[in-house]
Amino acid sequence: MPTQSVIPAKQQRSQDTQRNLMNAVHHCLQSKFFEHISIKELCEHANVSVGTFYRRFKNKDTLLPLLYQDFGRDLIAWIDALEQNQYASLSHAVSGVTQQCHDFFAANRSLFRTIHLNSRLHSDLVVGDALVDRREVYTRIANILLRFSANITAADKTAAVNLVIFTLISTLLDKVLYPQITPAIACELDSQALCDELPKMLMLYLCNKQNT
């Protein structure tokens, strides 16, 4: 899906229209999924005409790159706040990061689902997003746990923590975004109960004597 179908907003009026439409997207995502939102609905919330919409956008999907950029800014703010948390131990850090990830996903479920699905269908959404390097985000989360590297028994502590972050995020995303389908249905716990149990499993891996 080429992002060139979005005409760059240069004039203030065009920038205001674009921002109003994006505010409308975020508003609608609070109650429904992106694919269920109509252009007419977006225009009504943004107080712009449908004709104005089509003068700037080819279709609703051409809003996705802009939504992804907004998400990038929110993600940076979230990770900045996450890094400010002080943890007393590795166990406390694993539990805290798990809970914070769960809460962030749950609070932005429709947005995450939209990004999650469309970034797989249209990989250029990810590749073309210069605002946030997702690998850097994962590294910053991993570094929170690596503050307690002395308590991690793995020979390659960084690799072990990276696997923990991958497992944590993948598991919670599936449970929060798609609780009624596979693989989430393999676990009968709801997302919060899973969030409570998951750190116990991750700690067993990080502190397994066999990893030395």
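The values are calculated or read from the model by the stated rules, or taken from the named source; none is laboratory data. These numbers come from a predicted model, not from an experiment. As a convention, Cβ positions derive from the backbone with ideal geometry for all residues, glycine included, and neighbour counts pool all protein chains shown. In case anyone asks, the SASA skips ligands and DNA or RNA and just uses the protein heavy atoms, side chains included. Shrake-Rupley method; radii C 1.70, N 1.55, O 1.52, S 1.80 Å.
Could you check segment 112-139 and list, in sequence order, the residues that are under 16 Å from Glu35 (Cα atoms), among the aliphatic types (A, V, I, L, M) and modelled with pLDDT of 90 or more? Correct list: empty. Scan segment 168-183 and give yes if some residue there is among the hydroxyl-bearing types (Ser, Thr, Tyr), in contact with a Leu (Cβ under 7 Å, 6 or more places away or on another chain) and under 19 Å from Gly96 (Cβ atoms), otherwise no. There is at least one residue in segment 168-183 that is among the hydroxyl-bearing types (Ser, Thr, Tyr), in contact with a Leu (Cβ under 7 Å, 6 or more places away or on another chain) and under 19 Å from Gly96 (Cβ atoms).
The residues listed here are Leu42, Leu64; of these, the one that is touching a helix residue (DSSP H, G or I) at 6+ places or on another chain (Cβ under 6 Å), part of a helix (DSSP H, G or I), aliphatic (A, V, I, L, M) and within 20 Å of Leu117 (Cα to Cα) is Leu64. Number of residues in segment 75-96 that are surrounded by fewer than 16 Cβ atoms within 10 Å (Cβ to Cβ) and without any contact (Cβ under 8 Å) to a residue 12 or more places away in the chain equals 7. If the condition is being more than 24 Å from Arg73 (Cα to Cα) and in contact (Cβ under 8 Å) with a residue 24 or more places away in the chain, then segment 17-52 contributes Asn47, Val48, Thr52.
When you look at Thr62, is it of a type in the set (Val, Ile, Thr), open to solvent by less than 30 Å² (accessible area, probe 1.4 Å), over 21 Å from Arg134 (Cβ atoms) and in contact (Cβ under 8 Å) with a residue 12 or more places away in the chain, yes or no? When the stated conditions are applied, Thr62 passes them. Looking across segment 140-157, the residues that are part of a loop (DSSP other than H, G, I, E, B), buried (at least 18 other Cβ atoms within 10 Å of the Cβ) and at pLDDT 95 or above come down to Phe148, Ile152.
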